[in-house]
Amino acid sequence: MHQYADRIAPDTVRLERLLPGPMERVWSFLTESDQRARWLAAGDMELKAGGKVELRFAHHALSDEPTPEKYRGMPMSFTGEVLRCEPPRLLTFTWMEFQGVHSEVTFELAARGEQVLLTITHRKLPDRPSLVSVAGGWDAHVGILEDVLMQRTPRGFWSTHAQLEAEYGRRIAE
């Protein structure tokens, strides 16, 4: 059964997913550029408070699907700042700007036997369309992370994102 993200505050969505461990392996997929590129975005990351985060998205490398027109104008790279880093359990950094304000994303890892509970909390999202898009995006990206960790062929990113964005459009109220 699919576990969807929830809106936990007016400007915040949270997604939880149980992944194959161990925790250090999942941590490497959050923090190491070559591993992170396989499911989200490449880029350097200084793992300390005040450190620089660079994310370079290459959705075409995640699946063979073309980028929909709606997303072609979006920034495909940006920089942020690490706000908290407690390896291998917690990482918070600023994310791209929405309407002039940097949003914030937190990754939390917790061991659950041989599995790892990944919790992603994305804060400071300005409006419902941003919440819907971000929830769908995280859900699609984490689905690819799950596929990579399970050594399966990754699902199509954009088709999955479109389905999830439609579902979040129904789930996230005004």
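The values are calculated or read from the model by the stated rules, or taken from the named source; none is laboratory data. The shown structure was predicted, so the numbers you read here are calculated from the model rather than taken from an experiment. Don't worry about glycine lacking a Cβ; one is built from the backbone with ideal geometry, like all the others, and counts go over all protein chains shown.
Annotations
- Residue, farthest from residue 43 (Cα to Cα), within the stretch 116-125, restricted to residues that are assigned to a strand (DSSP E or B) and in contact with a helix residue (DSSP H, G or I) (Cβ under 8 Å, 6 or more places away or on another chain): 116
- Subset of the stretch 88-115 (residues that are under 19 Å from residue 145 (Cα atoms), touching a helix residue (DSSP H, G or I) at 6+ places or on another chain (Cβ under 9 Å) and not in a strand (DSSP E or B)): 88, 89
- Taking the conditions (1) part of a helix (DSSP H, G or I); (2) out of contact with any Gly (no Cβ under 9 Å at 6 or more places or on another chain) in turn, residue 132 satisfies each one other than (2).
- Among (1) of a type in the set (A, V, I, L, M); (2) touching a His at 6+ places or on another chain (Cβ under 8 Å); (3) touching a residue at least 60 places away in the same chain (Cβ under 8 Å); (4) under 16 Å from residue 2 (Cβ atoms) - the single one residue 140 does not satisfy: (3)
- Candidates 55, 19, 47, filtered to the one that is buried (at least 18 other Cβ atoms within 10 Å of the Cβ), among the aliphatic types (A, V, I, L, M) and touching a helix residue (DSSP H, G or I) at 6+ places or on another chain (Cβ under 7 Å): 19
- Total residues in the stretch 8-22, condition part of a strand (DSSP E or B) and closer than 22 Å to residue 101 by Cα: 6
- When residues in the stretch 153-165 are screened for being at pLDDT 95 or above and surrounded by fewer than 19 Cβ atoms within 10 Å (Cβ to Cβ), 1 of them pass.
- Looking only at the stretch 26-51, and only at residues there that are among the charged types (D, E, K, R) and part of a loop (DSSP other than H, G, I, E, B), the one that is nearest to residue 86 (Cα to Cα): 48
- Pairs, first of a type in the set (Phe, Trp, Tyr) in the stretch 13-29, second modelled with pLDDT of 95 or more, C-beta under 6 Å, six or more apart: 27/88; 29/35
- Members of the stretch 73-99 found to be under 16 Å from the mean Cα position of the chain (by Cα), crowded, with 18+ Cβ neighbours inside 10 Å and more than 23 Å from residue 127 (Cα to Cα), listed by number: 82, 91
- Restricting attention to the stretch 52-87, the residues that are assigned to a loop (DSSP other than H, G, I, E, B), within 20 Å of residue 39 (Cβ to Cβ) and free of Cβ contacts under 8 Å to residues at least 60 places away in the same chain add up to 5.
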